[in-house]
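The values are calculated or read from the model by the stated rules, or taken from the named source; none is laboratory data. All of these numbers come straight from a predicted model, not from anything done at the bench. Glycine gets a Cβ as well: all are built from the backbone with ideal geometry, and neighbour counts include every protein chain shown. Just the protein is used for accessible areas: all its heavy atoms, side chains included, with ligands, DNA and RNA removed. Shrake-Rupley method; radii C 1.70, N 1.55, O 1.52, S 1.80 Å.
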Amino acid sequence: MESIDILTGQHVAIKYEPASVVARMGALLLDYFFMSVYFFALLYTLFELEDSIKQLMRHSEGITYTLFVIIYLPFVAYHFIFESLTGGKTLGKMIVKIQVTRMDGSVPGIGAYFLRWLLMPVDMFPSGGIGALFIVFSSYHQRIGDMAAGTIVVKTNPSLKMDLDET
């Protein structure tokens, strides 16, 4: 198995196995499943409450914006929201046991998660082909969003290698 050695600031090498394209695609499909469940459950609830919502919308324009945020923001920003709140994992990544980490092994900041999310449409064009090609052929198995953000996606079971750097 190929591995990525990350030397921490304390000069401890951590050996990570990079997440495969199959694992990443599996996590993405699971995430799309969870996003769909959320969307259809919310849609069902809104149809059940249709008369009440219509009455509220007649009295307040703010309700329209609130409903928009409740419905679409979590759906569109799913990856950014989950990775920011859970230290680099979405529900799909948790199940597949992979996570986003910085190249030095630390937890990425909100800017890195935002940049990865912002570049996701580029990686998904057409149908995920560009991102998959970069993952397969780049030395650290990174998609374009990972390269720009300085992150990698690894399996969550690192094996510690207690080599202390003598430099």
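Tabulated data for the structure shown
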| read-out | value |
| --- | --- |
| Length-normalised contact order for the chain - Cα pairs under 8 Å, 6+ apart - percent | 33 |
| Carbon/sulfur fraction of accessible area - the chain, other protein chains in place, 1.4 Å, % | 69 |
| Accessible-area value, Leu91, 1.4 Å probe, nucleic acids and ligands omitted, Å² | 60 |
| Candidate residues Glu2, Glu17: accessible-area rank, largest first, probe 1.4 Å | Glu2, Glu17 |
| Neighbour net charge for His79 - beta-carbon separation under 15 angstrom, K R +1, D E -1 | +1 |
| Asp104, Asp51, ranked by accessible area, largest first (probe 1.4 Å) | Asp51, Asp104 |
| Residue-averaged 222 nm ellipticity for the chain, from DSSP H runs of 4+ at -39500 (n - 2.57), nearest 500 | -17000 deg cm²/dmol |
| Crossing angle, helix 62-76 versus the chain [Cα axis fit, 0-90 degrees, rounded to tens] | 30 |
| Accessible area per residue, Å², the chain with all protein chains present, probe 1.4 Å | 61 |
